[in-house]
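Written out below as structure tokens is the structure these notes cover.
The values are calculated or read from the model by the stated rules, or taken from the named source; none is laboratory data. Just so we're clear, the structure is a prediction, and the values are computed from it rather than from any experiment. Cβ sites come from the backbone with ideal geometry, for glycine too, and all protein chains shown count toward neighbours.
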Amino acid sequence: MADLRITAVQSFLTQPQSARLVVVKVLTGEPGLFGLGCATFTQRHRAVEAAIKHHIGPFAVGKDPRNIEDFWQAAMVNGYWRNGPVLNNAISGVDMALWDIKGKLAGMPCYDLWGGKCRPAAAVYVHCNATTPEALADAARKRMAEGYQHIRCQLGGYPGLEAERLVPLAGAPPGAYFDPRERLRTLPALFEFLRRELGDRVELLHDVHERLAPIDAVWLAKALEPYRLFFLEDVLAPEDIEWFENIRSVCATPLAMGELFCHPREITPLVARRLIDFIRAHPSDLGGSTPCLKLAHLCDAFGVRTAWHGPGDLSPVGVAANVHMDLALHNFGIQEWSFPNQAVQDMFPGLPEARAGYAWANDRPGLGVDFDEALAAKFPCDDGNPTWTVARLPDGTLWRP
Ligand code: GCO
Ligand code: MG
């Protein structure tokens, strides 16, 4: 096939479960040859849609879909100012679709293009959340009985249990209130209880979601050390990453970081100085599979493992891109897993599946996932702004989500 061109780039917004998903389809001049990519930035889905429609899509049309690296480099600088989650997600939608096309042209799944399988399936961690320690232990036991050996444990979601009892200062503005000091009091006792209840073999994880002052983050990582977490996530906000050095110097709690990063270069210093153990980037936020593969190889050289972000706000196309990397990368660590409902399963035939603790990809060429556009149209997005991200301390001070 001497001449091959991108003929159209389409984006689809749909909300079959809780999150608003953005799916990109890249069409080519070869009849029947197309690729799918994930551009999901669930809180700003309309902005990504506009970026694809007005900027990244027209930039891609007419180019040879086989030249993925050149497309990615050019799309990154075409607007002169670069990075940022909106444009990176738009670029990711096309980038992943080009890898999907590349696999279809080669007759190989992406994991084969990326080096071949290091393992038949990817170990996953699942979320358990409850309102009492006892109920949390029960939820974890249920997952363990299904074969899941890595459990993320949260009490009361990201705000924590204390949020329910909290009375904001009179006159404070509306927001998602929480109390970091209360969290420090409860978390070590919670993990002591969970270890006692669940035994020594299960792997436990926890996401702080940046809701601590830096010195409190140092204290917490140290206080949780005896419970041997698989990792402690986002114990610091991206604005405070210099504090990782302080944490490292006082304890060996494994640290995972990165879902809020938008450029691999933001992560380079943490990796090169071995200040984190797991890189948790949201692949579409970095601009797709192309930058993630490079980042993962850099991490490998420094003993840092992957734990790609995999919550509900990722389309199954993005989940497939994660799992194909998980299979092919030597320094794979763990894959976060969120269970799709029936509507998602129907909309994305071929999506990866988790069974008994592991995620499996199919062996079809490319990312191996299809997309039912007609079904997607039946699940329109609710376009409201999120409220949970406006986190506030008890006196009304705005904090990070
Ligand atoms: C995680 C994340 C998510 C984010 C969500 C934001 O570790 O899974 O923290 O739950 O909060 O992706 O939209
Ligand atoms: Mg997180």
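Here is how the numbers come out for the structure above:
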quantity	calculated
Subset tally (residues that are more than 9 Å from TYR227 (Cβ to Cβ), away from ligand 2 (no atom under 16 Å from the Cβ) and in contact with a strand residue (DSSP E or B) (Cβ under 7 Å, 6 or more places away or on another chain)) for the stretch 191-210	2
Residues within the stretch 97-114 that are more than 14 Å from ALA361 (Cβ to Cβ) and touching a helix residue (DSSP H, G or I) at 6+ places or on another chain (Cβ under 8 Å), tallied	3
Elements of type strands (runs of 3 or more DSSP E) contained in the stretch 1-119, each with 3 or more residues being among the β-branched types (Val, Ile, Thr)	6-14, 21-28
Residue satisfying condition, being among the hydrophobic types (A, V, I, L, M, F, W, C) and more than 16 Å from ligand 2 (Cβ to nearest atom), within set ALA343, ALA281, ALA307	ALA343
Residue match in the stretch 347-362 (condition: over 14 Å from the mean Cα position of the chain (by Cα) and within 16 Å of ligand 2 (Cβ to nearest atom))	no
VAL218 vs. criteria modelled with pLDDT of 95 or more, within 27 Å of the chain's Cα centre (by Cα), within 21 Å of LEU393 (Cβ to Cβ) and not basic (Lys, Arg)	yes
Qualifying residue in the stretch 335-342 (condition: crowded, with 17+ Cβ neighbours inside 10 Å, over 16 Å from the mean Cα position of the chain (by Cα) and either in a helix (DSSP H, G or I) or not hydroxyl-bearing (Ser, Thr, Tyr) (or both))	no
Top-ranked residue in the stretch 316-343 [being among the polar types (S, T, N, Q), more than 13 Å from ligand 1 (Cβ to nearest atom) and touching a residue at least 12 places away in the same chain (Cβ under 8 Å); ranked as farthest from CYS153 (Cα to Cα)]	ASN331
Residue check for ALA376: more than 16 Å from ligand 2 (Cβ to nearest atom), under 20 Å from the mean Cα position of the chain (by Cα) and either basic (Lys, Arg) or within 20 Å of PHE12 (Cβ to Cβ) (or both)	no
Residues that are over 17 Å from CYS128 (Cα atoms) and away from ligand 2 (no atom under 16 Å from the Cβ), drawn from the stretch 320-340	ALA320, ALA321, VAL323, HIS324, MET325, ASP326, LEU327, ALA328, LEU329, HIS330, ASN331, PHE332
Of all residues in the stretch 286-303 being among the hydrophobic types (A, V, I, L, M, F, W, C) and within 30 Å of ARG66 (Cβ to Cβ), the one that is surrounded by the fewest Cβ atoms within 10 Å (Cβ to Cβ)	ALA301
Within the stretch 159-190, tally of residues that are within 16 Å of ligand 2 (Cβ to nearest atom), modelled with pLDDT under 95 and hydrophobic (A, V, I, L, M, F, W, C)	2
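Yes/no per residue for (1) crowded, with 22+ Cβ neighbours inside 10 Å; (2) of a type in the set (A, V, I, L, M); (3) within 13 Å of ligand 1 (Cβ to nearest atom); (4) not assigned by TED's automatic domain parsing to the domain that holds ASP300:
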| residue | (1), (2), (3), (4) |
| --- | --- |
| ILE241 | no, yes, no, no |
| ARG248 | no, no, no, no |
| LEU255 | yes, yes, no, no |
| GLY258 | yes, no, yes, no |
| GLU266 | no, no, no, no |
| ARG273 | no, no, no, no |
| ARG280 | yes, no, yes, no |
| SER284 | yes, no, yes, no |
